[in-house]
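Please treat every number below as a calculation from the coordinates, not as lab data. Everything quoted here is computed from the prediction, not taken from an experiment. Please note: Cβ atoms are built from the backbone with ideal geometry, for glycine as well, and neighbour counts cover all protein chains shown.
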Amino acid sequence: MTRFTIPRDIFMGDDAINHLKDIKGKKAYIVIGSERLKKDGTLGKVEALLHEAGIESKTFIGVEHDPSVKTVKKGTAEMIAYQPDWIIGMGGGSPIDAAKAMWLFYEYPDFTFEEAIKPFNLPDLRKKAKFIGITTTSGTGTEVTSFSVITDKDTGIKYPIADFNLTPDIAIVDTNLVLTLSPEVVANTGLDVLTHAIEAYVSTMSTPLTDALAMKAIEMTVANLEGSYRKDMPARKNMHIAQNLAGMAFSNAILGIVHSMAHKTGDIFNIPHGLANAIYLSYAIEYNAKTAPVKYVEIAKHLNLTGTTDQELVSALVALIKNMRKEFAIPASLKEFGINEAEFLKRLSSLAKTAVADPCTGTNPRTIDDSTMEKLYRAAYYGEKVSF
């Protein structure tokens with residue numbers, strides 16, 4: 001038996017945010033990242049819509065990239081004092097992930113991060129509050145997922161929390177909220193979408209439901225990402241929908257070693273998550289396709305890529321990803337990104353070990369051990385073809 005869980009309601013399209021005026025409740029606690037959403041008027045609009053619904057609100061501003069344990073604890077303490085019945089995570093993946101973790105510890109203050117990272121082992125939520133995810137970037141899909149990733153900045157340990165309880169009650173995918181994104185953000189988050197969709201499609205936990213969502217997300221991303229990068233607004237709106245589809249797919253099918261590798265190097269080497277995924281994706285496909293080419297071949301055929309053999313089709317898919325990286329000025333390797341070689345080699349053994357232990361590795365289509373993960377990291381560092 002398998003399970004498929006998504007938010008009860010997803011409101012998408014232009015002005016989808018207006019649904020906030022129709023929700024029922026008393027208090028909302030809003031979590032955002034920087035001051036950007038305050039300065040551009042998005043936060044004010046949300047507050048006004050909640051006021052129209054008869055709901056007072058309080059806002060937490062200051063969630064950093066790779067949200068920290070310290071930030072989560074600070075927000076949790078404010079929630080406990082404020083006692084909201086709605087929690088709203090708004091922004092990219094970081095503030096929404098942080099809001100999810102705050103929600104967990106608001107409902108269960110004595111719970112620990114060590115307990116929380118046991119996969120799909122959380123107690124029932126919604127005893128005190130329900131959750132709304134409002135995405136303002138087109139990448140993470142976290143407004144529809146069962147995941148939250150929190151980092152202990154003192155130790156560098158990432159806490160990937162995975163449980164269907166964390167799936168938001170309502171997701172708002174307002175296509176007007178992404179029109180001012182920078183080309184750099186569009187590129188990084190767009191290739192994050194492609195990674196989510198491909199990893200979900202080839203995952204050992206994929207199902208016909210997740211396959212349908214993932215393949216549509218792949219198709220839409222390949223068709224629209226360049227236009228979105230060039231500020232074609234219909235294409236940008238399509239990318240916002242594509243990331244949502246990919247989010248629903250990987251929330252249920254889980255991911256693979258691209259994310260395992262990215263989780264371990266993002267904070268240590270200060271690599272934005274989407275950019276790290278963009279670097280690792282081609283290398284992971286080359287590795288996985290040595291023993292599990294079938295679904296990569298299906299993707300290539302669906303995209304009408306050129307090739308008559310499985311190897312040719314997989315190579316065409318890898319070439320497509322490499323060309324997209326080049327088009328969007330994304331480094332092709334960790335070395336090209338600027339990571340110091342001595343520092344990389346010093347950390348390599350530890351990176352490999354923790355990446356293999358990452359929960360995403362368990363659903364990768366090809367198994368991997370510590371020594372092979374070291375080889376894969378080396379290939380991604382030096383930009384070498386994966387032949388093992």
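Of SER182, SER206, SER251, the residue with the greatest mean-square motion in the GNM of the chain, using alpha carbon springs below 10 Å, is SER182.
Taking the inverse of the mean 1/r over every pair of distinct Cα atoms in region 173-257 gives a Kirkwood hydrodynamic radius of 12.5 Å. Springs join every pair of Cα atoms under 10 Å in this Gaussian network model of the chain, and among ASP358, ASP370, ASP154 the largest mean-square fluctuation is at ASP154. Along the axis of the charge dipole computed for the chain (Cβ charges of +1 for Lys and Arg, -1 for Asp and Glu, origin at the Cα centre), the listed residues ILE198, TYR381, TYR82 are led at the positive end by TYR82. For the pair LYS38 and ARG230, the difference between a 0.36 nm per residue extended length and the Cα-Cα distance amounts to 66.5 nm. Each distinct pair of alpha carbons in the chain adds a 1/r term; the inverse of their mean, the Kirkwood radius, is 20.9 Å. Per-residue extension of 0.36 nm, minus the Cα-Cα distance of LYS74 and PHE120, leaves a gain of 14.1 nm for this segment. The calculated FRET efficiency for MET1 paired with TYR382, based on their beta-carbon distance and R0 = 51 Å, is about 0.70. Both radii are taken from the alpha-carbon atoms of region 266-316; with Rh as the Kirkwood radius, Rg/Rh is 1.12.
For region 160-219, the orientation-averaged shadow of the C-alpha convex hull comes to 5.7 nm² (one quarter of the hull surface).
Distance between Cα centroids, region 355-374 to region 1-42: provide it in whole Å. For region 355-374 versus region 1-42, the Cα centre distance is 34 Å. Phi-derived couplings, Karplus 6.51 cos²θ - 1.76 cosθ + 1.60 at θ = phi - 60°, listed residue by residue for region 119-128: x, 6, 9, 7, x, 5, 8, 6, 7, 10 Hz, with x used for Gly and Pro.
Residues of region 20-36 with amide nitrogen under 12 Å from the 7 Å Cα-to-Cβ point of ASP9? Taking a point 7 Å out along Cα→Cβ of ASP9, the residues of region 20-36 whose backbone N falls under 12 Å are 20-25. Other residues whose C-beta falls under 10 angstrom from the C-beta of ALA187 contribute a net charge of -3, scoring Lys and Arg +1 and Asp and Glu -1. A cut-off of 5 Å between modelled amide H atoms, ignoring neighbours fewer than 5 places along the same chain, links PHE131 with ILE87, ASP169, ILE170. Amide H contacts of THR151 (H built 1.01 Å from N, in plane; Pro and chain starts excluded): SER68, VAL69, TYR159 sit under 5 Å, all sequence-distant by 5 or more or on other chains. Applying the Kirkwood pairwise sum to the alpha-carbon positions of region 1-130 produces a hydrodynamic radius of 15.5 angstrom. For the chain, the Cβ-based charge dipole about the Cα centre amounts to some 120 debye (Lys, Arg positive; Asp, Glu negative; other atoms uncharged). Note on region 183-382: the alpha carbon radius of gyration divided by the globular reference 2.2 N^0.38 Å gives 0.96.
Note: relative contact order over the chain, using C-alpha pairs below 8 Å and six or more positions apart, is 15 percent. Each of TRP103, TRP86 was scored by other Cβ atoms within 10 Å of its Cβ. Listed from fewest to most, they are TRP86, TRP103.
Scalar couplings 3J(HN,Hα) for region 173-179, obtained by applying the Karplus form with A = 6.51, B = -1.76, C = 1.60 to θ = phi - 60°, are 10, 8, 5, 7, 7, 10, 6 Hz; x denotes Gly and Pro. Separation of region 282-331 and region 160-186, taken as the distance between their Cα centroids, equals 27 angstrom. Per-residue 3J(HN,Hα) values for region 61-69, derived from phi via the Karplus relation 6.51 cos²θ - 1.76 cosθ + 1.60 with θ = phi - 60°, read 10, x, 6, 8, 4, 6, x, 9, 4 Hz in sequence order (x marks Gly and Pro). Amide H contacts for SER57 (H built 1.01 Å from N in the peptide plane; partners 5 or more residues away or on another chain; cut-off under 5 Å): ALA28. Note that region 98-137, at 37 °C in a medium of 0.692 mPa s, gets a Stokes-Einstein diffusion coefficient of 293 µm²/s from its Kirkwood radius over C-alpha pairs.
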